[in-house]
Amino acid sequence: MTTLTDPPKEQFRLSMLLYDTRYRSATIQVIALIGFMLLAAWIISNTIQNLEALGKPVEFGFFGESASYDINQRLLEYTSQDSHLRAAFIGLLNTLVVAVLGCITATIVGVLVGVLRLSNNWLVARIMTVYVEMFRNVPVLLWIVLAMAILIEGLPAPNAFRGDNPTATMDLFNSVAVTNRGVYIPEFLFSRSLGDIHLFGTSSLRFDISLDLVAFLVVLGGSIFTMRKVSAWAADKQESTGDRPKIWHIQLGILFVPMIILMAVLGLHLGYPELKGFNFRGGTHMRNSLIALWLALSLYTAAFIAEIVRAGILAISKGQTEAASALGLRPGRTMRLVILPQALRVIIPPMISNYLNLTKNSSLAIAVGYMDITGTLGGITMNQTGRELECVLLLMLVYLCISLSISAVMNWYNNSVKLVER
Amino acid sequence: MKKTVILSVATVAGLAAAAATAGTVDDVKARGKLNCGVTTGLVGFAAPDANGEWKGFDVAVCRAVAAAVLGDASAVEFVPTTGKTRFTALASGEIDMLARNTTWTFSRDVDLKFEFVGVNYYDGQGFMVPKALGVTSAKELDGATVCIQTGTTTELNLADFFRSNNISYEPVPIETNAEAQQQYLAGACDVYTTDASGLAATRATFENPGDHVLLPEIISKEPLGPLVRHGDHEWGDVVRWTLNAMVSAEELGVTSANIDELSSGAGDNPEVNRLLGTEGTLGEMLGLDADWAARAIKAGGNYGEVFAQNIGEETPIGLARGLNAQWTDGGLLYSPPFR
């Protein structure tokens, strides 16, 4: 009878780190990591030392100093007496505005074009192909500059609206002025406004929240919540009786009646733009730098999104379309109810990177004089204070944060629509 | 991985090398070319002519320095810079000197770590408007849209001017003079503001210069001059004294017409002799040869000649000497003595 004994337990020896294949790869990785960290440390300390030698040690105190330049498009109140930090904050908001507007427009245009490119109508499909190829294959900077040039050269100056025989007139019942300085549209004004909440006192990040907007959002949220309840009730009814009650007029009422009451209570009226002095005053001024940047960025990105959408649709087997038509669904409904929901799973991941690209491309804003964060923090502030390294590092950090936030949101959405596997 | 390591080593080496440069004079001599930062194009001050050759008032300073150091006025590599990129280009060593109508201010000198070697044009910020607007004073500009080059002192002066006069305006920031011109002519802005000399130069290139007026207000002091990096005093001295040589030459009556005769041998005026190197060892002290200043003056003439050729009253730009006359003529130009 043989007895099985365990092999003697091998003692760990230092040389095994090198000669034992189980440990060797880890050893190499650790050495490489240490080497890499040393290199990084050397680069950083070298840079800091060189800057010290130049008499420019790395420090961020300049942020508290007065910026002393003006910014034309500011969502929050800002004067040239505010600090550089405040100016950077205003620039950040401008970046976010153009990024959000751009992402929304690019998605809408991109989905439409992507679907239409697969259309059976020869002409529509070809036009969309031309659009996609044109926008995808020309650098976005050129589109931005072209859009700006068209706006400046193609539209009338405010001067043309003046006099007894103006060469240009306002559109839409005298409420919208389209000029080469931008588009002036009526603004919402409240005669019984609820006022603002002031956050963060007098610091650089101070922020006003309009209570009117809060009230609007609360009422809107309430309406939507009630509408969903009504829908659920209708669905229940359909389940139990087979009849779907007619609810669209109730839904419309729920959506609009509270809103109209709220607006009446707040005393809503429109402020129209008027030609006064050199410019139009009143109304909301959408500067042509914003419009040019927004249009160019969204049309450019939409071309990429269109291709992603097309690829997503083509990834769904033709059998799905045929099955849907066999059930009697019309093409529009087939697309909306059968194909797109499945295609979304393929579409969303590459869509994330396009949103990121759009946001990062918005840093080209200075080409048209749009004061985004690159124009304020990475432009004028950097130039006036001479703190290149600090400003550029901060700028990188800001874009990193924006991009990671977009990724996080989109990944969360992706998780919520992806195929649930059982 | 390997590639990245090599790349980063190269980057680090580059960084180290950039910081190690101290002897710009030697660098320029070894390179055989002077890297001079100028504007992206402002007729009269620095702009390429029809043959692609850079011409202008600031360009002349670059050429004089190149002539003094290298003996060849054409050994200059002109690097066009915008208001935004100029300081980074100089600080990083991409250019050896900057002659780009740059205003000498405290913070640029002290905080940005540059060294202004002198003033080659005393300027002030002005406003240009179309005549049709009927504006006669800058104080009537309430609510106007103002085109402005970003990254300049004019941006700050403008904010101060409108704030102190309690009137509003809409700034349109623009990168280069050419873009500003396009927007201004298309009526996208009512006013273009920059240094008065720049306005005159810009207006000279318009199809109908007479349709535009410069407003009487000059809202700031803008002493424009060449600058170098802080810390390299030998190089700073070379550029400073080249500029002074041009100014002194005018004061002493040395012109491109008589310089060959004057520098052929020591004459009666000891200061002219020292300037042109026929007496004394001034060139040696600078680390150059004896006739450095003679070459610099020969490159484009003395200060007055350079002024007259590029921006003077005979040119389309038509600037009067004004503050930029010699101190003996009631101006501010005053070179320290060559002794």
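The one condition from (1) among the charged types (D, E, K, R); (2) in contact (Cβ under 8 Å) with a residue 60 or more places away in the chain; (3) within 14 Å of another protein chain (Cβ to nearest Cβ) that residue A:388 does not meet is (2). Looking at B:68, B:99, B:64, can you tell me which residue is touching a Pro at 6+ places or on another chain (Cβ under 8 Å) and either within 17 Å of residue B:238 (Cβ to Cβ) or buried (at least 24 other Cβ atoms within 10 Å of the Cβ) (or both)? After applying the criteria, what remains is B:99.
Note on segment B:163-173: among residues that are in contact (Cβ under 8 Å) with a residue 12 or more places away in the chain and at the interface with another protein chain (Cβ under 9 Å from one of its Cβ atoms), the one that is nearest to residue B:86 (Cα to Cα) is B:173.
Note on segment A:109-152: among residues that are touching a residue at least 24 places away in the same chain (Cβ under 8 Å) and among the basic types (Lys, Arg), the one that is nearest to residue A:177 (Cα to Cα) is A:136. Please specify each residue of segment B:197-213 satisfying the condition of being part of a strand (DSSP E or B) and either within 14 Å of chain A (Cβ to nearest Cβ) or at pLDDT below 90 (or both). None; the set is empty.
May I ask you to list the residues in segment B:162-189 that are in contact with a Lys or Arg (Cβ under 9 Å, 6 or more places away or on another chain) and either of a type outside the set (Asp, Glu) or assigned to a helix (DSSP H, G or I) (or both)? Once the filter is applied, which keeps residues that are in contact with a Lys or Arg (Cβ under 9 Å, 6 or more places away or on another chain) and either of a type outside the set (Asp, Glu) or assigned to a helix (DSSP H, G or I) (or both), segment B:162-189 yields B:165, B:167, B:172, B:187, B:188, B:189. Where residues in segment B:102-116 are at the interface with chain A (Cβ under 9 Å from one of its Cβ atoms) and surrounded by 19 or more Cβ atoms within 10 Å (Cβ to Cβ), which of them is modelled with the highest pLDDT? Selected residue: B:114.
For every residue, the table says whether it meets (1) more than 10 Å from chain B (Cβ to nearest Cβ); (2) over 22 Å from the mean Cα position of the chain (by Cα); (3) in a helix (DSSP H, G or I); (4) at pLDDT 90 or above.
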site: A:367; (1), (2), (3), (4): no, no, yes, no
site: A:377; (1), (2), (3), (4): yes, no, yes, yes
site: A:383; (1), (2), (3), (4): no, yes, yes, no
site: A:396; (1), (2), (3), (4): yes, no, yes, yes
site: A:401; (1), (2), (3), (4): yes, no, yes, yes
site: A:407; (1), (2), (3), (4): yes, no, yes, yes
site: A:412; (1), (2), (3), (4): yes, no, yes, yes
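Answer yes or no as to whether residue A:298 is polar (S, T, N, Q) and touching a Ser or Thr at 6+ places or on another chain (Cβ under 6 Å). Answer is yes for this residue. Beta carbons closer than 6 Å, at least 6 apart along the sequence or on distinct chains, pair a first residue in segment A:22-45 that is under 23 Å from residue A:12 (Cα atoms) with a second that is assigned to a helix (DSSP H, G or I) for A:23/A:16; A:23/A:17; A:27/A:17.
For segment B:128-161, the candidate set comprises residues that are in a strand (DSSP E or B) and facing chain A (nearest Cβ under 8 Å); within that set, the residue that is nearest to the chain's Cα centre (by Cα) is B:145. Residue check: residue B:69 meets all listed conditions (1) in contact (Cβ under 8 Å) with a residue 60 or more places away in the chain; (2) of a type in the set (A, V, I, L, M); (3) within 13 Å of another protein chain (Cβ to nearest Cβ); (4) farther than 30 Å from residue A:377 by Cβ but one, namely (3).
Filtered by the rule that a residue be in contact (Cβ under 8 Å) with a residue 12 or more places away in the chain, surrounded by fewer than 19 Cβ atoms within 10 Å (Cβ to Cβ) and assigned to a helix (DSSP H, G or I), segment B:261-285 gives a lone residue, B:271.
Is it fair to say residue A:141 is assigned to a helix (DSSP H, G or I) and touching a strand residue (DSSP E or B) at 6+ places or on another chain (Cβ under 8 Å)? Taking the combined requirement at face value, the residue does not satisfy it.
Of the residues that make up segment A:45-65, is at least one at pLDDT 90 or above, assigned to a helix (DSSP H, G or I), closer than 23 Å to residue A:385 by Cβ and β-branched (Val, Ile, Thr)? Scanning segment A:45-65, I find no residue that is at pLDDT 90 or above, assigned to a helix (DSSP H, G or I), closer than 23 Å to residue A:385 by Cβ and β-branched (Val, Ile, Thr), so the answer is no.
Residue count for segment A:50-80, restricted to those that are without any contact (Cβ under 8 Å) to a residue 12 or more places away in the chain and within 8 Å of chain B (Cβ to nearest Cβ): 6.
Please name all residue pairs, on different chains or six or more residues apart, with Cβ atoms under 7 Å, provided the first residue is in segment A:248-277 and is of a type in the set (Phe, Trp, Tyr) and the second residue is modelled with pLDDT of 85 or more. Within 7 Å, the pairs are A:272/A:186.
Any residue that is within 14 Å of chain A (Cβ to nearest Cβ) and surrounded by 15 or more Cβ atoms within 10 Å (Cβ to Cβ) - is there at least one of those in segment B:232-248? Yes - at least one qualifying residue is present in segment B:232-248.
The values are calculated or read from the model by the stated rules, or taken from the named source; none is laboratory data. Predicted, not measured: the structure shown is a model, and the values here were computed from it. Methodologically, a virtual Cβ is constructed for each residue, glycine included, from the backbone with ideal geometry; neighbour enumeration extends over all protein chains shown.
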